[in-house]
Amino acid sequence: MGDGTALAPMRLDFAEEKSKTMKRTYLASAIVLAGVAATASASVFDFSATDTLTAAAIPGTTIGETVTVNVYVDNGNTTDLSQTWNLSNVVDFTYAAGTYFATYSTVFNSGNPLFTTDSSGDVTVSNFYGTADTSVDTDNFGTITADIFFGGGDVCDTKGDCYDTSSAETFATPSQWTVSAVSTTPEPSSLALLGSGLAGLGFIRRRRRA
């Protein structure tokens with residue numbers, strides 16, 4: 001009868017192969033989950049409009065300079081075709097001219113939708129009228145809570161200096177606006193799935209070191 005020593009290499013080979021199989025399984029799972037996380041994502045879109053300053057009172061601005069408004073929105077979809085964005089979808093809202101730059105927290109509540117696009121991506125701006133009186137506004141000079149940017153094109157800084165743009169209804173005109181994707185952010189559920197796959201790989205690495 002044998003003493004069992006001949007079986008030791010077989011047991012070792014079996015354990016090593018099992019470990020390799022588990023590692024391959026977790027690795028494949030992590031790769032699949034990474035693909036799922038990359039696919040299940042939401043894009044932030046930038047609605048941008050420009051105009052020209054006709055009166056400059058804010059320090060850092062000059063008559064004739066370009067004014068740029070950017071409204072960043074996220075409705076949970078990854079396409080800008082045949083979409084609707086409401087007030088609740090606004091992520092950020094900025095205004096820039098010359099060396100002046102301002103960011104606002106809240107768009108004026110004039111109803112929904114805020115922006116829509118057709119199947120070609122052409123923009124319709126339905127209810128954009130600047131800031132709400134509850135907006136927290138931060139610029140080169142400080143921070144205040146007030147309605148200081150108006151959809152007609154008039155803008156004031158946090159000190160009370162104001163300027164005008166060339167059109168009374170500049171930012172209510174669809175042709176003034178363009179839309180483009182600026183980033184892709186994985187959704188929380190996708191990150192959780194990816195995390196579970198990576199945790200499995202970490203478990204395998206710890207077992208091998210033990």
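The values are calculated or read from the model by the stated rules, or taken from the named source; none is laboratory data. Since this is a predicted model, take the numbers as computed values, not measurements. Ideal geometry is used to build each Cβ from the backbone, glycine not excepted, and the neighbour counts take in all protein chains shown. Each accessible area value is taken on the protein alone, full model and side chains, heavy atoms only, with ligands, DNA and RNA left out. Shrake-Rupley method; radii C 1.70, N 1.55, O 1.52, S 1.80 Å.
Quick check on Ser175: is it assigned to a strand (DSSP E or B), open to solvent by 20 Å² or more (accessible area, probe 1.4 Å) and at negative phi?
no
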Can you find, within region 151-168, the residue that is farthest from Ile63 (Cα to Cα) among those that are in contact with a helix residue (DSSP H, G or I) (Cβ under 9 Å, 6 or more places away or on another chain) and open to solvent by 10 Å² or more (accessible area, probe 1.4 Å)?
Gly152
Suppose we keep only residues that are hydrophobic (A, V, I, L, M, F, W, C) and over 10 Å from Thr84 (Cα atoms) within region 104-122. Which one would you say is surrounded by the most Cβ atoms within 10 Å (Cβ to Cβ)?
Val107
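Could you tell me whether Phe101 is touching a residue at least 24 places away in the same chain (Cβ under 8 Å) and either over 25 Å from Asp164 (Cβ atoms) or under 15 Å from the mean Cα position of the chain (by Cα) (or both)?
Judged against the criteria, Phe101 is not a match.
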Thr134 fails exactly one of the following numbered conditions: (1) under 19 Å from Asp74 (Cα atoms); (2) part of a loop (DSSP other than H, G, I, E, B). What is the number of that condition?
(1)
Among Thr52, Thr62, Thr66, Thr94, which is surrounded by fewer than 20 Cβ atoms within 10 Å (Cβ to Cβ) and either touching a helix residue (DSSP H, G or I) at 6+ places or on another chain (Cβ under 8 Å) or within 22 Å of Pro113 (Cα to Cα) (or both)?
Thr94
Output the number of the condition that Ala146 fails; it satisfies all remaining conditions of (1) open to solvent by 40 Å² or more (accessible area, probe 1.4 Å); (2) more than 19 Å from Ala172 (Cα to Cα); (3) hydrophobic (A, V, I, L, M, F, W, C).
(1)
Which number in (1) open to solvent by 30 Å² or more (accessible area, probe 1.4 Å); (2) touching a helix residue (DSSP H, G or I) at 6+ places or on another chain (Cβ under 7 Å); (3) of a type in the set (A, V, I, L, M) marks the one condition that Val136 misses?
(2)
